[in-house]
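**Student:** After the C-alpha cells below, expect a handful of questions from me.
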Amino acid sequence: TFLNNFLSSSLTREEERLIGFRECCKMAQVRERTVLEVAGTVLAAQLAWEYGLATNAAGGTHHAHSEMGAGYTILNDLAVTANYLIKNHGGNGQGKGKGQGPRRRPRGGGEEGVKEGEGASVQTVLVIDCDVHQGDGTAK
C-alpha cells in the first residue's frame, strides 16, 4: 500500500514526483514529520471532543488521497482524523464514544458544571478549505 511504501522509503519516482518532494520522501525527518503531523491532528480532535476546542498548527494537509500523495501532501491528516472521529464517535452503534459527547469545562477551570453531552456523535465531518484551490484529497 501507499502508506507502507512511504514508511519503508519504497515510493516510486513517479509517486515522489506527484507529491512534489521527490527524493526528500526518503528522508527519515520527512517520514517522522509526516507521521507526527497526522498524530497531532488526531490528538487535537480528541482534545476538542473532550474540551470543546483544540488545534494543530502543523496540520491541514489535504491533497493526498488514500492511494497516493499529491500536491506537497504525503498523508492527508484531515481525512485520517475525519475517519477516526466517525469510527470512534459515530452514532451508528459502531463508535466507542456513542452517546458520550464532548465535555465542556466552565471558564474557571473547575469541575462544577461539567456535563457529558447527551447523544452527541459524529456522522459527517466538514472540511473548510480556504486556500486558492480545492483540497482534492478531502473532496472524496
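**Student:** List pairs: first residue in the range 11-24 and aliphatic (A, V, I, L, M), second residue open to solvent by 80 Å² or more (accessible area, probe 1.4 Å) anywhere in the structure, Cβ distance under 7 angstrom, at least six positions apart or on different chains.
**Tutor:** What qualifies is ILE19/TYR72.
**Student:** Give me the helices (runs of 4 or more DSSP H) completely within the range 1-120, filtered to those with at least 3 residues that are buried (at least 18 other Cβ atoms within 10 Å of the Cβ), at pLDDT 85 or above and hydrophobic (A, V, I, L, M, F, W, C), ordered by residue number.
**Tutor:** Of the helices (runs of 4 or more DSSP H) lying wholly inside the range 1-120, those with at least 3 residues that are buried (at least 18 other Cβ atoms within 10 Å of the Cβ), at pLDDT 85 or above and hydrophobic (A, V, I, L, M, F, W, C) span 28-51, 77-89.
The values are calculated or read from the model by the stated rules, or taken from the named source; none is laboratory data. What you are looking at is a predicted structure, and each value in this text was computed from that prediction instead of being measured. Note that each Cβ is placed from the backbone with ideal geometry, even for glycine, and that neighbours are counted across all protein chains shown. Surface areas here come from the heavy atoms of the whole protein model, side chains and all, with no ligands, DNA or RNA. Shrake-Rupley method; radii C 1.70, N 1.55, O 1.52, S 1.80 Å.
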